[in-house]
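Worksheet: one structure, shown below.
The values are calculated or read from the model by the stated rules, or taken from the named source; none is laboratory data. Quick caveat: nothing in here was measured; it's all calculated off a predicted structure. Here the Cβ is made from the backbone with ideal geometry for all residues, glycine too, and neighbour counts use every protein chain on show.
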Amino acid sequence: MAERIIHQLIDDLDGSEIPIDKGERIEFSIRGISYQIDLSPTNANKLDKALKPFIEAGTRVRGSRRSTATKGAPRGASSREQLAAIREWARKSGYEVSDRGRIKAEVVEAFEAAH
C-alpha cells in the first residue's frame, strides 16, 4: 500500500491556499505576546504596509527572541498527534479550524475541558 502525504500552506488571514514556495511565516510581538502567522504574498504586503508607520516610529529591540520550538504551539498541545486530535474534535464539535497554523485558545480550552 502506498501513502501520499500532501502538505498545504494555508493563509491564516483569509483561509486561501498558498502556492508552494510563495508563503511567508511572519513572527511578531505586541504587548509582550508573541505571534506567528502564515500569509500569502498579498496579505504579507498588506501587513507590511499597515505596520510601516509604527515600525518607522518604533525602536528595534534585540535579544528577546524565544526558542522557535515553543512558538505557535497551543497550551497543552505538545505533538502533531495532539494537534490533529484537537482539530478533529473541534470540527466534530462545530468549531471552524484550518488544517495548519495556530489553533485559537478558546478551541484548545474547550478541548481540554471536554477531555
Search result, residues across the range 15-50 that are surrounded by fewer than 16 Cβ atoms within 10 Å (Cβ to Cβ), in contact (Cβ under 8 Å) with a residue 24 or more places away in the chain and in a loop (DSSP other than H, G, I, E, B): Gly15, Ser16
Cross-chain or 6+ apart pairs with Cβ under 6 Å, the range 87-99 first and free of Cβ contacts under 8 Å to residues at least 60 places away in the same chain, then outside any loop (DSSP other than H, G, I, E, B) and surrounded by 11 or more Cβ atoms within 10 Å (Cβ to Cβ): Trp89/Phe111; Ala90/Val107; Tyr95/Val107; Val97/Arg87; Val97/Ala90
Residues of the range 29-66 that turn out to be at pLDDT below 85 and under 20 Å from Ile103 (Cβ atoms), as a count: 1
Flag for Ala90 being of a type in the set (Gly, Ala, Ser), surrounded by 11 or more Cβ atoms within 10 Å (Cβ to Cβ), at pLDDT 90 or above and assigned to a helix (DSSP H, G or I): yes
Of residues in the range 88-101 being within 20 Å of Leu39 (Cα to Cα) and not polar (S, T, N, Q), the one nearest to the chain's Cα centre (by Cα): Gly101
